[in-house]
Amino acid sequence: MVQLAESKEPRPRVPEKGWEPRIVALVCNWCTYAGADMAGTARRTYAPNVRIIRLLCTGRLDPLFVVKAFQQGADGVLASGCHPGDCHYVQGNLLARRRFTVFSTLMDFLGLDRRRLQFAWVSASEGVKWARVVDEMTQAVREAGPLATWAAPAATAPSPPLLDPGAEPRQAPSREESGRITAQLQETAANLLAEGKVSVVAGYASGSLPGQMVPAFVTAPEEASRLAWNERCANNLTVYLPELLRKKGTGKVGLVVKSCDARALLGLMRESQLDRADVVLLGVPCTGVWDGGRLALKCYGCSEEVSPLADLTITPEGARQGPLASARERVAVSDPRDAEIAALESLPPEARWDYWQRQFARCLRCYACKAVCPLCYCATCIAEKHRPQWIPAAFDGAGNTAWNIARAMHLAGRCVGCDECARVCPADIRLDLLNRRLALEIESRFGYRADADPSAPPPLTTFRPDDPDEFA
Amino acid sequence: MIRMSSPNEFAQEKGRPVKGEGWRLSEEEYERLQDPRSVGLDVRSEGWRVGEEEWREWLGTLLRSGSRLVAPVEEDGLSLFRAVSSAAEVSLRGYGNTRWSPKEFLFPATEALFSYRLLGDEVELGAPPADGGEQVLFGLRPCDAAGLARLDEIFLEDGEDPSYAARRDRTAIVSLACDTARPECFCTAVGGSPAGTEGSDLQLLPLDGAWLLRALTPKGAQLVPASAAGWTPASAADWRRAEELRLAVEESIERDPLSPEWAPVLEGAFAQPLWEELGQRCVGCGVCAYVCPSCSCFDVKDEGDAFCGARCRLWDSCTLPQFTRHASGHDPRPTRPSRYRQRVLHKFAYFPLQHGGRLMCVGCGRCVRLCPVGIDIRESVERAFSAGASGEGRP
């Protein structure tokens, strides 16, 4: 919240005298609300610390409801709805189960005490269970103490050391090889434009800083000589696809893609944002992009040289139809961020909280993370809404945290791991760790990966009746 | 009923001296703010050769005197301006420039203008929290100091902004001349210099391991501690070396000038189709404006709920999609290229035309370095000028 009082002291984590936990319960109309009613008509006494907010279904539970409750002073949030199989709307609670599971993982990774955020299945007849759930949760939150203000931690909070990702598993390609691929790319692009097979080619060209490569759009064969390819071509150009497709006129859009970029195309196709036939993918053989003098972290674990989606593969010898890998042995090692995530998760939650709050405190709310994300294509972002306003606009702990939670959750199960958000963040917030943590969770729980067939629905818009959960 | 405490009531409540009629400054204070640059910039008669130990000790003295000290620190591998609690936190090691400018210490990213609280049938309005006393901004590169001077023009000269003026009045700026230029630096192309004095009260000039400290304004001179009597006065050789380094850095910035005289031509290039191309790459984030030392646009929003909250002034950026969207839904700058054009023309055409030929860009190069898609404002200005001058494609 914007600072209104003189004091900058955060709320103490040690309970003040007379402090009582405040718990917001977001419950479904058909089961838990009736269950709570049942507890009342049965004259059941239980902790009076819960304020109930009735939703028609837990499927309506937006994670931002929870964020708002915490930011407005709740010490704990309890969500509760019908048992699996009992949903008044057949499947709302099953969708909620997936979403809440992923959201809990995110909040846990951000350092929120697990005791503060719980989910319980309570049916209309389970007045006794409701009373027990509330009593247990109240006790748990009482032990956890008052929730500290969402704001920057003390400047002295130690930052966990960044782990050394170790030696790069492979070399940058030679200049000569990049040069040959560049020549073939220019020729291919010029031909496609000359033959009218595409109306524009989005690729890379030299930028104005030394060694910098930037997005470039070529619409005439003679301009194709501007295009180039090397290990500095970091941008994911699929972010431009919606705009290019709107303006393309009659031809198709040619797009130079690395294999990681192309996964964003799968995401857009999965969400019906793209007709694959409108795009000609020029796959470039990528051995990894270099970021600040070393191999980008996302490239350590990548063993894919050319996207399997490519329509044409640009090799040093010429363009070939379809995806085509060189015979080169490609060394992939484990993603160094998995060790970083494990190190963070081994810390006590308060240390993790401070780690993230320190980074979120730096957030400039420039929304570069959203602007470069190929999957952030909404015409109006939740961050721009102010009636109601779910994300405080102020550049402070509360607003920045809400924004970063919303971004991570909206990309959960949709993020393709291109890491563009983390690359462009001027405040060096480790958005890649947030994305990766959620991707790992979603893969282990729901068996979904970003490179899944585009006919598979996004994992948080679907469910299996036997999805795992640890809810009460 | 609405009750709002006046600035004077508020000052009284906080035990601060009450100024005549609202926030008006004295004649003398006002004159000084009008043009801080006019005061004794060429005081070359006095200067000291100081080592790291001496300036750290001096910063310690400033902190003990109760001033807030803002200086570059290292945080998670980034160099950032932060209020420090000890001189030991100040990190100038390997410091080219901070990731973003220090403007937040004069023009906060979020500033409560007043607070409101619902009390039954009444609404109580309150003045914002008082914001500290004296502050010293230490270690600003000359481009950033010049950037703050541009903010002065916006917030003091185009109608005085009370909260900015109060903060500015309590702020002294110690700049640190550059000993090297980064690839994105272009201060010399926009009328600045690696040892530029605009906006600085004091300045440190690098001298191969030591520094030459000079006072540039009376405010700066007041900051020089009594212990300076024990410092070594700068020798003629020191001044010469400082000048040599300045020239060397200046020469290493190989950029042709972006002249303020181009402003009318650039303004005339408004309708050029070229903007479509220049802005095509823009993805519509706000990095460029938020890291910029001279961007001053803001939005006003209410933060809080129906019962209590605050009306806040928040940074805004002309490249963000909501910047000019009207309540009706209409947007006079509906596309990213049209928004990017506004950014370029405001800095290089509209502002100089309204402010005696001064550019609203100080050449720190942060926007060039941090743009996610590598847009270079220097290139855009040059190309728009050429197109405007040749009149090609003019409708």
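Listed values, structure above:
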| read-out | value |
| --- | --- |
| Residue that is nearest to the other protein chains (Cβ to nearest Cβ) [pool: residues in the stretch A:372-416 that are assigned to a helix (DSSP H, G or I), free of Cβ contacts under 8 Å to residues at least 60 places away in the same chain and of a type in the set (A, V, I, L, M)] | A:ALA383 |
| Selected residue (criterion: nearest to the chain's Cα centre (by Cα)) from residues of the stretch B:302-335 that are at the interface with another protein chain (Cβ under 8 Å from one of its Cβ atoms) and at pLDDT 90 or above | B:TRP315 |
| Residue in the stretch A:435-455 that is facing chain B (nearest Cβ under 10 Å) and of a type in the set (D, E, K, R) present | no |
| Filtered residue count, the stretch B:364-395, keeping only those that are away from chain A (no Cβ under 14 Å) and either assigned to a helix (DSSP H, G or I) or under 17 Å from the mean Cα position of the chain (by Cα) (or both) | 7 |
| Test: residue in the stretch A:67-76 that is of a type outside the set (A, V, I, L, M, F, W, C), surrounded by 23 or more Cβ atoms within 10 Å (Cβ to Cβ), part of a helix (DSSP H, G or I) and in contact (Cβ under 8 Å) with a residue 12 or more places away in the chain | no |
| Selection from the stretch A:36-66 of residues that are of a type in the set (Asp, Glu) and part of a helix (DSSP H, G or I) | A:ASP37 |
| Any hit, the stretch B:356-363, residues being in contact with a His (Cβ under 9 Å, 6 or more places away or on another chain), away from chain A (no Cβ under 12 Å), surrounded by 21 or more Cβ atoms within 10 Å (Cβ to Cβ) and in a loop (DSSP other than H, G, I, E, B) | yes |
| Unmet requirement for B:ARG241, which otherwise passes all of (1) free of Cβ contacts under 8 Å to residues at least 40 places away in the same chain; (2) assigned to a loop (DSSP other than H, G, I, E, B) | (2) |
| Residue within the stretch A:200-214 that is more than 16 Å from B:ILE375 (Cα to Cα) and in the same structural domain as A:LEU244 (by TED's automatic domain parsing) present | yes |
| Any hit, the stretch B:262-278, residues being of a type outside the set (D, E, K, R), surrounded by fewer than 22 Cβ atoms within 10 Å (Cβ to Cβ), within 11 Å of chain A (Cβ to nearest Cβ) and part of a loop (DSSP other than H, G, I, E, B) | no |
| Those residues of the stretch B:220-271 which are in contact with a Phe, Trp or Tyr (Cβ under 9 Å, 6 or more places away or on another chain) and under 22 Å from B:LEU359 (Cα atoms), in sequence order | B:ILE253, B:ARG255, B:LEU258, B:SER259, B:PRO260, B:TRP262, B:ALA263, B:VAL265, B:LEU266, B:GLU267, B:ALA269 |
| Number of the condition not met by B:GLY284 [criteria: (1) surrounded by fewer than 15 Cβ atoms within 10 Å (Cβ to Cβ); (2) touching a residue at least 12 places away in the same chain (Cβ under 8 Å); (3) within 11 Å of chain A (Cβ to nearest Cβ)] | (1) |
| Answer residue from the stretch A:215-263, given it is out of contact with any strand residue (DSSP E or B) (no Cβ under 6 Å at 6 or more places or on another chain) and among the hydroxyl-bearing types (Ser, Thr, Tyr) and is modelled with the lowest pLDDT among those | A:THR250 |
| Residue check, A:GLY211 in a loop (DSSP other than H, G, I, E, B) and more than 13 Å from chain B (Cβ to nearest Cβ) | no |
| Check on B:VAL84, among the β-branched types (Val, Ile, Thr) and either away from every other protein chain (no Cβ under 14 Å) or closer than 20 Å to B:LEU207 by Cα (or both) | no |
| B:GLU104 in contact (Cβ under 8 Å) with a residue 24 or more places away in the chain and either under 30 Å from B:SER193 (Cα atoms) or charged (D, E, K, R) (or both) | no |
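The values are calculated or read from the model by the stated rules, or taken from the named source; none is laboratory data. All values derive from a computational prediction rather than experimental measurement. For neighbour counting, all protein chains shown are included, and Cβ atoms are generated from backbone atoms with ideal geometry for every residue, glycine included.
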